Amino acid sequence: MTVAADVSMERELNPWLAAETRFNEAARRLEMDEGLQKVLRTPSREITVYIPVLLDDGRLEVFTGYRVQHSIARGPAKGGIRYAPDVTIEEVRALASWMSWKCAVVNIPFGGGKGGVICDPSVLSQGELERITRRYTADIIEFLGPEKDVPAPDMNTNEQVMAWLMDTYSMHTRQTTTAVVTGKPLDLGGSRGRKEATGRGCMFVALEALKRFKLTPETARVVIQGFGNVGGMAARLMAKAGFKIIAVIEYDGAVYNSNGLDIEALMKHAKERGSVVDFSEAENMDREEALFLETDILLPAAKENVITSQTAPKLRCKILCEGANGPTTAVADEILQDKGVFVIPDILANAGGVTVSYFEWVQDRQGFFWNEDLVNTRLEEIMVNSFRDLMAYSEKHRVNNRTAAYMLALDRVAFAIKLRGLYA
Ligand code: NAD
């Protein structure tokens, strides 16, 4: 590869540039005022904190933490907190705006936020993680709150981290305030159905897309990349709904059965062996080869930048349902459009998670908890309505689904800003 090709590939794989490309395209098509574009491109607030923490070996270390509130125009900022060695303010800033668009696409009353702490959780003890979490929370406390900013888990943070955050906030405010954070344990104000929500949301929008191809679940083949929370849950629920999951792709290989995999048995196998490969009721397959199988639905649910200018030309799916965040590059978008692939963009397809987080926040504030059926029914309603809104928008403006999703999101946030007006 030449240097120029390297540089352009690096640019293609930069998710923030991809988000910017999509923002620009949507703003241009909406003929959005330059000033309003500036407001939407700029976060409302960025907080950096330096967190002194006593390590188990007696040393004192200082960690850097960020919280970015991109927009609070439609409601409190909403978004995860990640712990990773390579967290940067640029990344957190971009992810915060991503959350504004995602919440707007599914029309839930939240803005966008994101947080992160630069640390390596793999070398930290539970005690050290707890101290980092509590001090980080205390240092940003005046900016948090059920009506201000509601964090959630993200990379390397979990229910326990959310419980520490909730407890720290509650100790400072002298009252238990479960609605300050979502993704909590069920016994501390978490919601039923949250664990399955993202995968379930993918299934709901996939079902809607199938109707457009006059297919039924029983006649639809599905290839899923990633067998973790999103991919595993989607596989389990879609198999139950009658879909034929013909291949599952993991980081160390893929398995294929043209008649459909027994997902429950594959889950058991993966749990016992630590891998999906060598499953007795399927053939092993090369990971790349499996991605290019002829299928009705391809559901990438592993990581970003899977569908690029290199891989997109070889895809043979009718519907691309983006369970992961940013699985498709902006360059690949054009290739998919030319190939006529029906894309359900990530900011809609994987919004089931944040939607049930919204339900968690509602239930905490009500102090009344819903059964799982109610959670799932309301999730279905939001996902299906959002899918239909998106289709209407893309037809009205004659744009592809990705551009329509960004246009719809920008339009909704801009509308809220205009309605509220600028204060002082
Ligand atoms: P996870 O860690 O539970 O699962 C990811 C799976 O993908 C793992 O099993 C991993 O082994 C596999 N994987 C990693 N690299 C791979 C590769 N190159 N090829 C094939 N498989 C590979 O994570 P998750 O929570 O399921 O998240 C997956 C994606 O969905 C991420 O992009 C995440 O940001 C996005 N997402 C998750 C949620 C949620 O509620 N968990 C919500 C919205 C978006």
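The values are calculated or read from the model by the stated rules, or taken from the named source; none is laboratory data. Model, not experiment: these values are computed from the prediction. Because the Cβ atoms are built from the backbone with ideal geometry, glycine has one as well, and the counts that use them run over all protein chains shown. Side chains included, ligands, DNA and RNA excluded: accessible areas come from the protein's heavy atoms. Shrake-Rupley method; radii C 1.70, N 1.55, O 1.52, S 1.80 Å.
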(message) Just to confirm the filter: which trypsin sites (Lys or Arg not before Pro) across region 1-64 are DSSP coil and have at most 11 other Cβ within 10 angstrom of their Cβ?
(response) Arg59
(message) Using a Debye calculation, one point per C-alpha and no hydration shell, please list log10 I(q)/I(0) for region 309-397 at q = 0.16 Å⁻¹ in order.
(response) -0.75
(message) Accessible area per residue for the chain in Å², computed with a 1.4 Å probe and the full protein assembly in place, what is it?
(response) 44
(request) With no solvent and one equal point scatterer placed on each C-alpha of region 352-415, evaluate the Debye formula and give log10 I(q)/I(0) for q = 0.18, 0.23, 0.24 Å⁻¹, two decimals. (result) -0.74, -0.93, -0.97
(request) Keeping the other protein chains in place, figure out the carbon and sulfur percent of the accessible area of the chain, with a 1.4 Å probe. (result) 50
(request) Report ³J(HN,Hα) in whole Hz for each residue of region 256-266, in order, from the Karplus equation J = 6.51 cos²θ - 1.76 cosθ + 1.60 where θ = phi - 60°; Gly and Pro get x. (result) 9, 8, 5, 8, x, 7, 7, 5, 4, 5, 5
(message) Explain nothing, just compute: Karplus ³J(HN,Hα) = 6.51 cos²θ - 1.76 cosθ + 1.60, θ = phi - 60°, for every residue of region 348-361 in order, whole Hz, x for Gly and Pro.
(response) 9, 4, 9, 7, x, x, 5, 5, 6, 4, 4, 4, 4, 4
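I need the chymotrypsin sites (Phe, Trp or Tyr not before Pro) found in region 275-369, filtered to DSSP loop residues with at most 11 other beta carbons within 10 Å of theirs. Kindly include the intermediate steps, with their values, before the conclusion.
Details: sites: Phe279, Phe292, Phe342, Tyr358, Phe359, Trp361, Phe368, Phe369; in loops: Phe279, Phe292, Phe368, Phe369.
Qualifying residues, ordered by number: Phe368.
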(request) With a cut-off of at most 11 other beta carbons within 10 Å, and DSSP calling the residue loop, which trypsin sites (Lys or Arg not before Pro) in region 187-234 qualify? Please list them. (result) Lys214
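Per 0.36 nm of contour for each residue apart, how much would the distance between Asp56 and Glu90 grow if the chain were fully extended, relative to their Cα-Cα spacing? Please report the intermediate quantities before stating the final value.
Values: separation 34, 0.36 × 34 = 12.24 nm, distance 3.08 nm.
Here the answer is 9.2 nm.
Which of the residue pairs Lys214/Lys244; Lys38/Lys396; Lys314/Lys339; Lys271/Lys303; Lys214/Lys240; Lys102/Lys211 have a Cα-Cα distance greater than 18 Å in the structure shown? Spell out each step's value before the answer.
Values: Lys214/Lys244 16 Å; Lys38/Lys396 26 Å; Lys314/Lys339 10 Å; Lys271/Lys303 21 Å; Lys214/Lys240 20 Å; Lys102/Lys211 24 Å.
Correct reply: Lys38/Lys396; Lys271/Lys303; Lys214/Lys240; Lys102/Lys211.
Apply the a/c threshold of 1.5 to the C-alpha gyration tensor of region 1-138 and tell me whether it is rounded, prolate or oblate. Show your work: numbers first, answer last.
On the way: a/c = 2.89, a/b = 1.50, b/c = 1.93.
Taking the square roots of the gyration eigenvalues as a ≥ b ≥ c, region 1-138 is oblate.
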(message) Suppose only helical runs count, i.e. DSSP H with n ≥ 4. What mean residue ellipticity at 222 nm does that imply for the chain under -39500 (n - 2.57) per run, divided by all residues and rounded to the nearest 500 deg cm²/dmol?
(response) -15000 deg cm²/dmol
(message) Restricting the calculation to Cα positions, tell me the Rg (one decimal) and the Dmax (whole number) of the chain in Å.
(response) 21.4, 67
(request) Sort out for me the Cα centre separation of region 308-359 from region 42-111, rounded to whole Å. (result) 24
